[in-house]
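Take a look at the structure below.
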Amino acid sequence: MQRFLQFVVCLIALLLAVTASAQDQPKFESSAKMTLQNLPGLPDCVKAAATNGDPTKEAAALYAKSVAACKIPTHWHTANEQLMIVSGTARIEHQGGQPEMVQKGGYVFMPSKHQHSFACPGPGEFYVVTDGAFDIHYVDASGNEIPPEQALSSAKGTSKAKSKASK
């Protein structure tokens, strides 16, 4: 039994080493060369490109652009979310806290399942980094989960200039 456990531990270590070696290469990518697209569940006023990882399956980094007056209604994510503002300003309202204005160079950490909303008064660019697959769960004013269509119907007026965010 002890030899079997040693074998399993070695096998896991080998698999981790192989996985790590595939991800330990440097990667350089210009935002000008990224193809931005709509992401399922997000309003049309924001477009994004995965820069590292597959956001539908695993931890990932996303580069995103939003148009002026873009609003992502109150929601939460299963994974922890880190947000870094590249340009513009974002207003983030979150459960249990005061609204925050985050500007170029700003950093935000939202723990798993922490309810928040995101709005950009002007155009903006930002990175989103998650420690798991990217999902979005919208909630109403009472904190009850609602379908994306219902949440986004109130944000329709903010996406009139949606084509400006795409490349």
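Checked against the criterion of being in contact with a Phe, Trp or Tyr (Cβ under 9 Å, 6 or more places away or on another chain), open to solvent by 30 Å² or more (accessible area, probe 1.4 Å), closer than 28 Å to GLN25 by Cβ and not polar (S, T, N, Q), the stretch 85-96 has at least one qualifying residue. Selection over the stretch 34-57 of residues that are open to solvent by 80 Å² or more (accessible area, probe 1.4 Å) and modelled with pLDDT of 90 or more gives a count of 5.
Screening VAL86 with (1) closer than 26 Å to SER154 by Cβ; (2) more than 10 Å from the chain's Cα centre (by Cα) gives one miss only, at (1). Consider the stretch 134-150 and keep the residues that are polar (S, T, N, Q) and surrounded by fewer than 11 Cβ atoms within 10 Å (Cβ to Cβ). The one that is farthest from HIS75 (Cα to Cα) is SER142.
In the stretch 58-67, the residue that is surrounded by the most Cβ atoms within 10 Å (Cβ to Cβ) out of those that are not in a loop (DSSP other than H, G, I, E, B) and not hydrophobic (A, V, I, L, M, F, W, C) is SER66.
The values are calculated or read from the model by the stated rules, or taken from the named source; none is laboratory data. These figures come from a predicted structure and were not determined experimentally. Heads up, the Cβs are rebuilt from the backbone with ideal geometry, glycines too, and the neighbour counts pull from every protein chain shown. The accessibility values were calculated without ligands, DNA or RNA, using every heavy atom of the protein model including side chains. Shrake-Rupley method; radii C 1.70, N 1.55, O 1.52, S 1.80 Å.
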